[in-house]
Amino acid sequence: MTQENNQLSQSFTLNFPDRIEYPQEGIITKVLFKDQNCQYSLFCLSAGTDISEHKSPRNATVNVLAGKGTLTLEGKEIALAPGVFVLMTANAKHALKAEENLAFLLTLSENPQPN
């Protein structure tokens with residue numbers, strides 16, 4: 001995992017195509033920015049990579065930038081392709097398979113408040 005910027009001292013921009021790099025196998029994750037409220041990470045998966053079912057204690061969004069894959073979210077299969085946006089609530093079970101090289105922006109938001 002690579003961390004690009006962990007404190008926001010000034011605004012910044014980046015061009016996703018310049019940051020996407022696929023590994024021979026597996027996953028490259030680049031934390032683009034992280035603070036106490038949010039974390040923005042670029043995920044680049046090689047074709048055939050699986051992320052087994054898990055859940056996160058934080059709300060999350062997935063913004064697909066390139067490639068194709070399948071996200072299984074709470075038992076429902078969602079086709080991933082450029083332009084697809086997915087909102088996952090905290091503790092939602094999910095798994096992912098990259099059918100071809102796949103890149104997406106994962107945003108983890110502030111931990112939800114207990115009821």
Please go through region 15-45 and give me each residue that is in contact with a strand residue (DSSP E or B) (Cβ under 9 Å, 6 or more places away or on another chain) and over 27 Å from Thr70 (Cβ atoms), ordered by number. Phe33, Lys34
So, Ala81, is that one without any contact (Cβ under 8 Å) to a residue 24 or more places away in the chain and within 27 Å of Thr13 (Cβ to Cβ) or not? yes
In region 103-111, is there at least one residue being touching a Pro at 6+ places or on another chain (Cβ under 8 Å) and at pLDDT below 95? yes
Those residues of region 6-45 that are modelled with pLDDT of 90 or more, among the acidic types (Asp, Glu) and in a loop (DSSP other than H, G, I, E, B) come to a total of 2
Which residues, counting only those in region 94-115, are within 20 Å of Tyr22 (Cα to Cα) and out of contact with any Cys (no Cβ under 7 Å at 6 or more places or on another chain)? Ala95, Leu96, Lys97, Ala98, Glu99, Glu100, Asn101, Leu102, Phe104, Leu105, Leu106
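Residue by residue, here is whether (1) hydrophobic (A, V, I, L, M, F, W, C); (2) surrounded by fewer than 19 Cβ atoms within 10 Å (Cβ to Cβ); (3) at pLDDT 95 or above; (4) within 24 Å of Pro23 (Cα to Cα) holds:
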| residue | (1), (2), (3), (4) |
| --- | --- |
| Ser52 | no, yes, yes, yes |
| Asn63 | no, yes, yes, yes |
| Gly69 | no, no, yes, yes |
| Glu77 | no, yes, yes, no |
| Pro82 | no, yes, yes, yes |
| Ala92 | yes, yes, yes, no |
Just to verify a result, which residue in region 11-40, among those that are closer than 25 Å to Glu110 by Cα and of a type in the set (A, V, I, L, M), is surrounded by the most Cβ atoms within 10 Å (Cβ to Cβ)? Leu32
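The values are calculated or read from the model by the stated rules, or taken from the named source; none is laboratory data. No experiment lies behind these values; they were computed from the predicted model shown. Every residue, glycine as well, gets a Cβ built from its backbone with ideal geometry; the counts of neighbours run over all protein chains shown.
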